[in-house]
């Protein structure tokens, strides 16, 4: 392991457009001392090295230069990850210790090593030490998160893992951590699991129910937009795939619906069925298109005539709230009919223009149904 301290002092000094005299003056040493640092005949003491790193605005690792190319960091991290994949945690720990010794302030190294201990904690019966190591190293990684270049890793994802480790060794601490990052209910599932560990079942069910509703609403929206993206090619095979996805989402809503009760599920289904109508129009199947329009209109008017709240928490069988229900924003519209009409008349985005012309027949038939001409 070859040090490149002298070369790096010279390189960063020149990068700052300083002479040896200028650097010597900045650090209160002789020009001869700087010369010896740079030609390798002498090295500064540890405190001076730390001051030099700070002066050059680099890490101490970079100043020392243990052949620290990004490739070396990448290779070491990949090696640790591969050892985790085959569950060889003994070798992974040895690799991690070496990596952190070489690169103690490198975010990628710290995150990889912390993740290794995270996985090891789930496999080890005596997991306390592994969980503590994962927490400690994840917290070190957070101090260097500005180095992070991977979009799937962020402060919240790291804090989630820290909380998961605390749930195993200190559930109260885990609960505290999760509540701090529970943006828009993202951590409700983790909070619920922690509450169950603390034997607080009623509170856990509240949070599990919230998580379930959030997931259901998100899946509904993602299904629609995925279907639109699939159908955007205008090819019949892709349109059929899009319709299959919409039908799958309809089946899911039927499973969640409260039997024999008019709820917001009617409203959600009416919009999905209008997407099916558009699909049938694209495929040149007018009878099927009309049947879908009639079905959607019937569901929408039944919902609107009941004059009930557009609240998903009151509309599904699997919500087990003890008191206050979770509130969700209804982006469809004030009524089911107005929501469908907004969908029919809204500006079609560029990626859907290939199918826009087929929407006219759907709109025309909808208006006929609505005005009682059919």
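The values are calculated or read from the model by the stated rules, or taken from the named source; none is laboratory data. Note that the coordinates shown come from a computational prediction; the quantities given were computed from them, not determined experimentally. Cβ coordinates were reconstructed from backbone atoms using ideal geometry, including for glycine residues, and neighbour counts include every protein chain displayed.
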Test result for residue 105, at positive phi and assigned by TED's automatic domain parsing to the domain that holds residue 164:
no
Anything in segment 81-96 that is in a helix (DSSP H, G or I) and either crowded, with 17+ Cβ neighbours inside 10 Å or on the phi > 0 side of the Ramachandran plot (or both)? List them, or say none.
83, 84, 89, 92, 93, 95, 96
With the condition kept exactly as written, say whether any residue in segment 71-78 is in contact with a helix residue (DSSP H, G or I) (Cβ under 9 Å, 6 or more places away or on another chain), in contact (Cβ under 8 Å) with a residue 60 or more places away in the chain and either buried (at least 17 other Cβ atoms within 10 Å of the Cβ) or farther than 25 Å from residue 144 by Cβ (or both).
no
Single match in 99, 141 (criterion: assigned to a helix (DSSP H, G or I), in the same structural domain as residue 74 (by TED's automatic domain parsing), modelled with pLDDT under 90 and under 25 Å from residue 61 (Cβ atoms))
99
Please work out if residue 121 is farther than 20 Å from residue 181 by Cα and surrounded by 17 or more Cβ atoms within 10 Å (Cβ to Cβ).
yes
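Could you tell me whether any residue of segment 311-322 is out of contact with any helix residue (DSSP H, G or I) (no Cβ under 9 Å at 6 or more places or on another chain) and not in a helix (DSSP H, G or I)?
no
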For residue 105, are the conditions met, namely being surrounded by 13 or more Cβ atoms within 10 Å (Cβ to Cβ) and not in a helix (DSSP H, G or I)?
yes
Test for residue 283: is it under 21 Å from residue 245 (Cβ atoms), at pLDDT 95 or above, surrounded by fewer than 16 Cβ atoms within 10 Å (Cβ to Cβ) and in the same structural domain as residue 219 (by TED's automatic domain parsing)
yes
If you go through segment 39-49 one residue at a time, how many are touching a helix residue (DSSP H, G or I) at 6+ places or on another chain (Cβ under 6 Å) and closer than 16 Å to residue 104 by Cβ?
0
For residues that are in a helix (DSSP H, G or I) and over 14 Å from residue 159 (Cα atoms), scanning just segment 119-131, find the one that is nearest to the chain's Cα centre (by Cα).
119
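Working only within segment 259-269, note down all residues that are in a loop (DSSP other than H, G, I, E, B) and either more than 21 Å from residue 218 (Cβ to Cβ) or at pLDDT 95 or above (or both).
259, 260, 261, 262
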Taking the condition of being surrounded by fewer than 17 Cβ atoms within 10 Å (Cβ to Cβ) and under 26 Å from residue 72 (Cα atoms), how many residues in segment 15-52 meet it?
7
Failed condition for residue 168, given (1) in contact (Cβ under 8 Å) with a residue 40 or more places away in the chain; (2) touching a helix residue (DSSP H, G or I) at 6+ places or on another chain (Cβ under 6 Å); (3) closer than 30 Å to residue 354 by Cα:
(3)
Might you let me know whether segment 162-172 holds any residue that is under 23 Å from residue 92 (Cα atoms) and not in a helix (DSSP H, G or I)?
no
The residue that is nearest to the chain's Cα centre (by Cα), considering only those in segment 17-55 that are assigned to a loop (DSSP other than H, G, I, E, B) and at pLDDT 90 or above, is 17
Please state which of the following conditions residue 162 fails to meet, knowing it meets all the rest: (1) surrounded by fewer than 16 Cβ atoms within 10 Å (Cβ to Cβ); (2) in the same structural domain as residue 111 (by TED's automatic domain parsing).
(1)
Residue hits (segment 323-355; surrounded by 13 or more Cβ atoms within 10 Å (Cβ to Cβ), part of a helix (DSSP H, G or I) and modelled with pLDDT of 75 or more) are 336, 337, 338, 339, 340, 341, 342, 343, 344, 354, 355
Only one of (1) assigned by TED's automatic domain parsing to the domain that holds residue 245; (2) in contact (Cβ under 8 Å) with a residue 40 or more places away in the chain; (3) closer than 18 Å to residue 316 by Cα does not apply to residue 227, and that is (3)
